[in-house]
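Computed from the coordinates by the stated procedures, all read-outs in this text should not be read as laboratory data. Remember, it's a predicted structure, so these values are computed and weren't measured experimentally. Glycine gets a Cβ as well: all are built from the backbone with ideal geometry, and neighbour counts include every protein chain shown.
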Amino acid sequence: MAQKFANGRWVKEGFLDNRTPGRVVGRIVFAAIGPVEFLLRGDCKGEIQGKLITFSNPSFEDDDVADSVLAETENPQTGEVSLMSFDPHPNLPPHPYLEWFSDRDNHYRIELAPGAARIASADEARALDADLADIAERLAALPAAPAKSRADPDWV
């Protein structure tokens with residue numbers, strides 16, 4: 001089952017950059033655990049493919065339950081993009097949708113309200129470029145996470 005971060009309420013803000021083909025790098029701030037850095041293999045889809053996006057969640061909540069539920073969330077997040085798009089399904093209204101699998105095969109999904117995310121401006125991109133380069137360099141140097149198999153007793 002995917003971790004949905006209380007249907008997105010535990011997602012405060014963040015940025016994800018897909019300007020380098022085959023790579024999504026960024027940072028998301030969550031309730032209870034704070035900033036989590038990302039380095040994912042793959043690409044965003046649709047109008048955000050090859051773009052830097054920023055988002056801020058107007059429905060953010062930091063509550064006591066978040067601490068116990070998110071305590072074991074991998075930090076940093078390395079893995080593979082499943083689907084990242086502003087228009088994930090033809091039968092639903094367009095909205096920011098971020099889904100990935102970690103290198104430990106944990107499934108994560110964030111859905112935000114329409115309008116909560118946007119493509120960054122050139123000025124915003126320049127302001128984030130040094131942070132993005134630092135995150136990418138640091139996380140690329142990490143050893144590969146041990147793979148988790150569905151046969152492992154703690155696989156959910």
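For the stretch 1-53, state what percent of all Cα-Cα pairs lands in each successive 5 Å bin, counting from 0 Å until the bin that includes the largest distance.
The percentages, shortest bin first, are 5, 20, 23, 22, 20, 9, 1.
Please name whichever of PRO88, GLY115, VAL69 sits farthest to the positive end of the charge dipole of the chain, dipole taken about the Cα centre and charges placed at Cβ: Lys and Arg +1, Asp and Glu -1.
PRO88
How high is the relative contact order of the chain, in percent, with contacts defined as C-alpha pairs under 8 Å that are six or more residues apart?
Value for the chain: 24 percent.
Name the GluC sites (Glu not before Pro) in the stretch 1-95 that are in a loop by DSSP and that have at most 12 other C-beta atoms within 10 Å, would you?
Here the sparse-neighbourhood loop sites are GLU72.
Would you indicate which of (1) 26; (2) 45; (3) 37 is the value of percent of Cα pairs over 25 Å apart derived from the coordinates of this structure?
Evaluating percent of Cα pairs over 25 Å apart on these atoms matches (1).
Place the peptides 104-110, 90-96 in order of packing, highest mean first, counting for every residue the other Cβ atoms within 10 Å and averaging per peptide.
Those peptides, ordered most packed to least, come out 104-110, 90-96.
Collect residues whose amide H, placed 1.01 Å from N in the peptide plane, falls under 5 Å from the amide H of LEU52; neighbours closer than 5 in sequence don't count.
Counting only residues 5 or more places away or on other chains, the set is ASN18, ALA120.
With springs connecting C-alpha atoms under 10 Å apart, model the chain as a Gaussian network and identify which of ALA144, ALA66, ALA136 has the largest mean-square fluctuation.
Highest fluctuation among the options: ALA144.
How much of the DSSP beta bridge set in the stretch 7-97 is antiparallel, as a percent to the nearest 5?
Looking only at bridges with both residues in the stretch 7-97, the antiparallel portion is about 85 percent.
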